Amino acid sequence: MGATKLIISALLLLLFLFISTSNATPGKKLRARHRPCKRLVFYFHDIIYNGKNAMNATSAIVGAPAWANKTLLAGQNRFGDLIVFDDPITLDNKLHSPPIGRAQGFYIYDKKDIFSAWVGFSFVFNSAQRKGCINFAGADGPLLQKTRDISVIGGTGDFFMARGVATLMTDAFENQVYFRLRVDIKLYECW
Ligand SMILES: *[C@@H]1O[C@H](CO)[C@@H](O)[C@H](O)[C@H]1NC(C)=O
Ligand SMILES: *[C@@H]1O[C@H](CO)[C@@H](O)[C@H](O)[C@H]1NC(C)=O
């Protein structure tokens, strides 16, 4: 009798341990997955070359469809234009605030019937406060949507192995020459 009781208690204990561990692990992972481990908000400022502002421009059309040219953005929602940029990043929404890094990469306008783009770029930091890169990629569209989510695909230095989502918001758009994006970075993997 005593031995059977002992075996049953041992089995119950094992069962309890099994249930508690198998519940705890995915629960924790799930919560970790849905709550950012780091949140950062930056702005960057893009001044598009328009044939007259070569000194001031921070971005340029480097590819255009055969029916357009590299001086002015193409018709039909700029479809087919490929733009390379090297834009200042600031902590607030002011163009002339001290830049804390550079946003460098490209965007391609990829839809004829609406404003839509595909973006690939890095935030490059090299100061006493921040060193390293955050790398972004994804569909940024429709551009007239208030916010768009793109992927944070990796990072280096202070942002080693960064992974998550960045919510882009067009904070200003002026005279077909200047736009400012607010970038709300939510990292779900932090090292
Ligand atoms: C580029 O195309 C625009 C029309 O989209 C035209 O006004 C301009 O003259 C063209 N510029 C050059 C350098 O071909
Ligand atoms: C450069 O362009 C921006 C945006 O259009 C403008 O606010 C700024 O005054 C320009 N700077 C110069 C020196 O033209």
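The values are calculated or read from the model by the stated rules, or taken from the named source; none is laboratory data. These numbers were taken from a predicted model, which means no experiment stands behind them. In this analysis, Cβ positions are derived from the backbone assuming ideal geometry, glycine residues included, and neighbour counts consider all displayed protein chains.
Selection over the stretch 56-71 of residues that are away from ligand 2 (no atom under 16 Å from the Cβ) and either within 14 Å of Gln176 (Cβ to Cβ) or not in a loop (DSSP other than H, G, I, E, B) (or both) gives a count of 4. Counting residues in the stretch 100-113 that are outside any strand (DSSP E or B), touching a strand residue (DSSP E or B) at 6+ places or on another chain (Cβ under 7 Å) and of a type in the set (S, T, N, Q) gives zero. Residues that are away from ligand 1 (no atom under 12 Å from the Cβ) and assigned to a loop (DSSP other than H, G, I, E, B) within the stretch 72-85 comprise Phe79, Gly80, listed in sequence order.
Which residue out of Gly120, Gly141 is at pLDDT below 95 and in contact with a strand residue (DSSP E or B) (Cβ under 9 Å, 6 or more places away or on another chain)? Full working, then the answer.
Values: Gly120 fails: at pLDDT below 95.
The conditions single out Gly141.
Scoring Gly138 on the criteria (1) assigned to a strand (DSSP E or B); (2) at negative phi leaves a single failure, condition (2). If you go through the stretch 45-71 and keep only what is within 12 Å of ligand 1 (Cβ to nearest atom) and either under 18 Å from Asn135 (Cα atoms) or touching a residue at least 60 places away in the same chain (Cβ under 8 Å) (or both), you end up with just Asn50.
So for the stretch 156-169 (the condition being of a type in the set (Asp, Glu), under 25 Å from Gly80 (Cα atoms) and in the same structural domain as Lys52 (by TED's automatic domain parsing)), does at least one residue qualify? No. The residue of the stretch 86-99 that is surrounded by the most Cβ atoms within 10 Å (Cβ to Cβ), among those that are in a strand (DSSP E or B) and in contact with a Lys or Arg (Cβ under 7 Å, 6 or more places away or on another chain), is Asp87.
Scanning the stretch 160-183 for residues that are surrounded by 16 or more Cβ atoms within 10 Å (Cβ to Cβ), of a type outside the set (Lys, Arg) and in a strand (DSSP E or B) yields Gly164, Val165, Ala166, Leu168, Thr170, Tyr178, Phe179, Leu181, Val183. Within the stretch 36-55, the set of residues being surrounded by 15 or more Cβ atoms within 10 Å (Cβ to Cβ), in a loop (DSSP other than H, G, I, E, B) and either away from ligand 2 (no atom under 16 Å from the Cβ) or among the basic types (Lys, Arg) (or both) comprises Pro36 only.
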